[in-house]
Structures are given as structure tokens and as C-alpha cells.
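Here is the structure we will look at.
The values are calculated or read from the model by the stated rules, or taken from the named source; none is laboratory data. A quick note: this is a predicted structure, and the numbers were derived from the prediction, not measured. Every residue, glycine among them, receives a Cβ derived from its backbone with ideal geometry; neighbour counts consider all protein chains shown.
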């Protein structure tokens, strides 16, 4: 294990140890702040309850990611090809992130119901922006000399897109995708808080109402592991796709 990873691991263990020590020293009730040992125990012992809800949330997030990527890629290409389209759409992209997600979630539940659709769209809205902006900036950052070379060789815009711009922008695309997947659970969970019948967000609301703070933290732990897993998977794909950087 590399030195930065060891330092990071040591920092996490130090924080958890201080947390555990504080809970024992100050005799903090479990319904106020449970110690990490109890949280880990609940996360494992209650896996039969947590796993089905985690599966629902993971499905919402994955569909949201696929939906966002399917829209972000062609939209970024069109905005790059036609700056007037970018000028027209850019204010709406910024507005979609400026409006608090809590303000949008109730409307989506009213319009789309308590099923999976409102949560998928909620996750997609959060993921969509970083992917679109990062990919567009990747296209724009292409070296001017390469652009001129492709023009001199008679390559049209879409051929240049396939052979030059897209390859050039791939690192930016994966950077935006990493940001997107790391915050993807936020949209799904907020949607579940507002109105749902299953999912980790729904489970957190139910546990909180019963003062099962340990279960709330266990659900947060599962969400964190889900986000880390998706982030690591995107990093794995990046190394497999962008071979020229390895």
C-alpha cells in the first residue's frame, strides 16, 4: 500500500478511535450518537433488512447515471458544434444546480408518483451537470494545432469529433463522471425522504422516527460504501479505456 493511502487509512482510524473514545468517556446515549463499533455491528447484523433497501437505491442511482450519460454526451457534442445552442441552454443548466434539490423533489414526487421514476430523475438531475460541463470543456480544450491539422486533411466536424475531440475529452468525461457518481446517491436519497416506500432514504426516515440512530448511521455507511464502489468502478473503467495515459 502506498504512503498516501496509509496516511489516509491512519487518519480514518484516528477519527473513528476518537469518536469511540468520546462516546464511552462522556457516556453519550446511543440514540444521540452511537459509537462506530455499534454502527458497524448494526450494519452487518441487520444486513437482511439493509440489503433490499440498498438494492432499490442502487438501482435508482444506476438508472440515473445511465440516463444522465445518454443525455449529456449528445448534448455536449451539439453545444460544442453550435455555440448558439450552448448560449441558449447554459442558463438552464446553471439553474438546475442553483435550485435546491429539496425544492425539486416534492414536485417530482407529485408529478411522477412515489415509485422509482421520481428518484431516478432526481439522481439524474444531480449527475447530469458535472458530466455535461466537464465533457464540453474537454472538447473546447483540444489543442488548436491538432484542429488545424484535421482541417487541412479534409476531416469534417463529426469525423474530427470521432477521431480527435472525443479522445481528447475522454479524461474530462471520466472526471465529470467520477464527480457525478460520488454525489449520485444524494438525489435518490432525497427523493426517498420526500416520498417512497422502499430504499435506504426511506429506511433512514423510518429508523429516525423510532430513535434508531444506529440504524440511520448504518444506512449512511452503506450509502458511503455504495458511492465509493461506484467511484472505484469508474476509475477502473478509466484505466481500461484511456490506455495512453497509463
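At a glance:
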item	result
The stretch 206-220, residues that are touching a helix residue (DSSP H, G or I) at 6+ places or on another chain (Cβ under 7 Å) and surrounded by fewer than 18 Cβ atoms within 10 Å (Cβ to Cβ)	208
Failed item, numbered, when residue 113 is tested on (1) touching a residue at least 12 places away in the same chain (Cβ under 8 Å); (2) at positive phi	(1)
Residue count, the stretch 156-189 (criterion: surrounded by 22 or more Cβ atoms within 10 Å (Cβ to Cβ) and free of Cβ contacts under 8 Å to residues at least 12 places away in the same chain)	0
Qualifying residue in the stretch 221-232 (condition: touching a residue at least 60 places away in the same chain (Cβ under 8 Å), over 20 Å from the mean Cα position of the chain (by Cα) and farther than 23 Å from residue 77 by Cα)	no
Close pairs (8 angstrom Cβ cut-off, 6 or more residues apart or separate chains): surrounded by 11 or more Cβ atoms within 10 Å (Cβ to Cβ) in the stretch 1-24, in a helix (DSSP H, G or I) and modelled with pLDDT of 90 or more anywhere	16/36; 19/36; 20/36; 20/37
Count of the stretch 1-48 residues which are assigned to a helix (DSSP H, G or I) and more than 14 Å from residue 221 (Cα to Cα)	22
Checklist (1) surrounded by 17 or more Cβ atoms within 10 Å (Cβ to Cβ); (2) without any contact (Cβ under 8 Å) to a residue 40 or more places away in the chain applied to residue 192, failing item	(2)
Unique match (being out of contact with any helix residue (DSSP H, G or I) (no Cβ under 8 Å at 6 or more places or on another chain) and over 26 Å from residue 234 (Cβ atoms)) among 95, 155	95
Filtered residues of the stretch 113-135 (kept if at pLDDT 90 or above and surrounded by fewer than 17 Cβ atoms within 10 Å (Cβ to Cβ))	117
